[in-house]
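Encoded as C-alpha cells, the structure appears first; notes follow it.
Throughout, read-outs are computed from the coordinates displayed, never taken from laboratory work. This is a predicted model, so every value here is computed, not measured. Neighbour counts run over all protein chains shown; Cβ positions are idealised from the backbone, glycine included.
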Amino acid sequence: MSQICSAKSAIGPTLAFCLGGFVIWLLIPVAPPAFEVGVIEAIGLSEGRRGSHQVAVVRFDRSIEQVRIDRFADCRVGDVISLSVRPLPIGRRVAPALVPDPCRRGH
C-alpha cells in the first residue's frame, strides 16, 4: 500500500517536469536564423499587458506576418525591411534583423 501512495505522489512532479520540458522544446529554435527581406504593408499599434507597442504587417516569402518593431525605428508603409526568421518546432519566429536601421525606402 505504501508503494502505491509513493507512486501517486510522484505523478504530479513528473507531469510538471515533462510539461515544462515540452514548453521549452517548443521555444528553442531548431536551426540558425535565416535573413529575409520583406515589404511593410501596414503599421499600427498592438495592446499588451505592458502597454502598446508598434507592429508592422510585412509581406515576404509569399506570406504575411505581423512583426513587432522598435518605436524609434523610422519605418513607413512601403519600406523594405530586413528580417530574421527563426524556424521553431511548430511555426517560426519573425523579427526585424539586428541591424542599426532595418527599414529602408523603396523596393
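One table, with the values for the structure above:
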| read-out | value |
| --- | --- |
| Count of residues meeting criterion [of a type in the set (G, A, S), touching a residue at least 12 places away in the same chain (Cβ under 8 Å) and touching a Ser or Thr at 6+ places or on another chain (Cβ under 8 Å)] in the range 35-54 | 1 |
| Qualifying residues in the range 79-101 (those that are in contact (Cβ under 8 Å) with a residue 12 or more places away in the chain and more than 17 Å from the chain's Cα centre (by Cα)) - the one surrounded by the fewest Cβ atoms within 10 Å (Cβ to Cβ) | V99 |
| The one condition in (1) of a type outside the set (S, T, N, Q); (2) surrounded by 11 or more Cβ atoms within 10 Å (Cβ to Cβ); (3) part of a strand (DSSP E or B) that C75 fails to fulfil | (3) |
| Top-ranked residue of the range 55-72 - restricted to ones that are without any contact (Cβ under 8 Å) to a residue 12 or more places away in the chain and not in a strand (DSSP E or B), ranked as surrounded by the most Cβ atoms within 10 Å (Cβ to Cβ) | F72 |
